[in-house]
Amino acid sequence: MTNRIAVVDYGMGNLRSVEQALRHVAAQVSDDADVVLASTPDLIESADRIVFPGQGAMRDCMAELDARDLRQAVIAAAASKPFLGICIGLQMLFEHSEEGDAAGLGILPGQVKRFAPNLMGADGQRLKVPHMGWNQVVQTKPHPLWNGIADQAFFYFVHSYHVVPDESDLIVGQTDYGHPFAAAVAQDNIFAIQCHPEKSARDGLQLLHNFIGWNPKAA
């Protein structure tokens with residue numbers, strides 16, 4: 001049986017690096033894994049698992065998602081299939097973002113907030129926004145997608161906004177940038193992460209590898 005992995009394509013961000021990383025690890029997981037770019041609802045609906053990436057402003061991303069009539073297909077997939085959100089794909093799962101005063105999909109309860117302009121590092125130096133580069137992710141809860149990844153492993157980040165879940169139980173990974181923030185969240189069949197696993201070397205590829213073989217119903 002084919003394991004079809006759909007990368008949601010709503011016209012925002014460079015999806016090719018995500019697609020290529022998934023193809024690379026999919027070949028290692030099974031011979032029947034198939035990675036497709038999904039720009040129509042039927043491709044999302046027919047897939048076995050969903051990757052929801054994105055780059056850019058929240059309001060623009062939501063507008064493009066609606067313009068392509070993909071909102072309901074994404075919401076339905078997040079309710080029923082193994083679902084991986086990446087970067088803006090994490091933020092869009094929440095209710096509202098300060099970026100452009102934009103409403104999200106409302107799948108998870110919480111807000112998306114901008115880093116304060118006066119962030120200070122542990123050395124007393126002012127931190128730049130956006131948060132860009134390598135940083136450690138503390139695994140605050142065990143999860144199958146952390147398998148084979150050391151706690152406090154480094155991942156690659158590029159973002160000016162971060163999610164603030166209403167329910168702390170959603171948080172499975174945390175990073176410090178002036179203050180601790182939620183770097184990864186999980187609920188049932190959903191796992192979403194602020195960093196870019198496709199740009200995060202071995203540990204990022206391991207996370208994608210884990211996702212391709214993840215069976216939430218068995219957890």
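The values are calculated or read from the model by the stated rules, or taken from the named source; none is laboratory data. Keep in mind the model is a prediction, meaning the values are calculated, not measured. Here the Cβ is made from the backbone with ideal geometry for all residues, glycine too, and neighbour counts use every protein chain on show. Remember, those area values only see protein heavy atoms, side chains included, never the ligands or the DNA or RNA. Shrake-Rupley method; radii C 1.70, N 1.55, O 1.52, S 1.80 Å.
Number of residues in region 148-181 that are in contact with a helix residue (DSSP H, G or I) (Cβ under 9 Å, 6 or more places away or on another chain) and more than 19 Å from Ser97 (Cβ to Cβ) equals 9. Inside region 181-219, residues that are of a type in the set (Gly, Ala, Ser), closer than 22 Å to Phe94 by Cα and over 15 Å from the mean Cα position of the chain (by Cα) make up a count of 0.
Residues in region 1-12 that are out of contact with any helix residue (DSSP H, G or I) (no Cβ under 7 Å at 6 or more places or on another chain) and either closer than 12 Å to Gly89 by Cβ or free of Cβ contacts under 8 Å to residues at least 40 places away in the same chain (or both): Met1, Asp9. Within region 13-26, the set of residues being in contact (Cβ under 8 Å) with a residue 60 or more places away in the chain, surrounded by 16 or more Cβ atoms within 10 Å (Cβ to Cβ) and in a helix (DSSP H, G or I) comprises Val18, Ala21, Leu22, Val25, Ala26.
Note on region 70-172: enclosed strands (runs of 3 or more DSSP E) holding 3 or more residues that are open to solvent by 10 Å² or more (accessible area, probe 1.4 Å) and within 25 Å of Phe211 (Cα to Cα) are 131-139, 153-159, 161-165. The residues of region 173-219 that are among the aliphatic types (A, V, I, L, M) and open to solvent by less than 30 Å² (accessible area, probe 1.4 Å), listed by number, are Ala182, Ala183, Ala184, Val185, Ala186, Ile190, Ala192, Ile193, Leu207, Leu208, Ile212. Among the residues making up region 27-41, those that are modelled with pLDDT of 85 or more and surrounded by fewer than 21 Cβ atoms within 10 Å (Cβ to Cβ) are Asp34, Val36, Leu37, Ser39, Thr40, Pro41.
Listed conditions (1) outside any loop (DSSP other than H, G, I, E, B); (2) out of contact with any Cys (no Cβ under 9 Å at 6 or more places or on another chain) are all met by Ala184, apart from (2).
Within region 42-69, being more than 23 Å from Phe157 (Cβ to Cβ), touching a helix residue (DSSP H, G or I) at 6+ places or on another chain (Cβ under 9 Å) and open to solvent by 40 Å² or more (accessible area, probe 1.4 Å) holds for Asp42, Leu43, Glu45, Arg68, Asp69.
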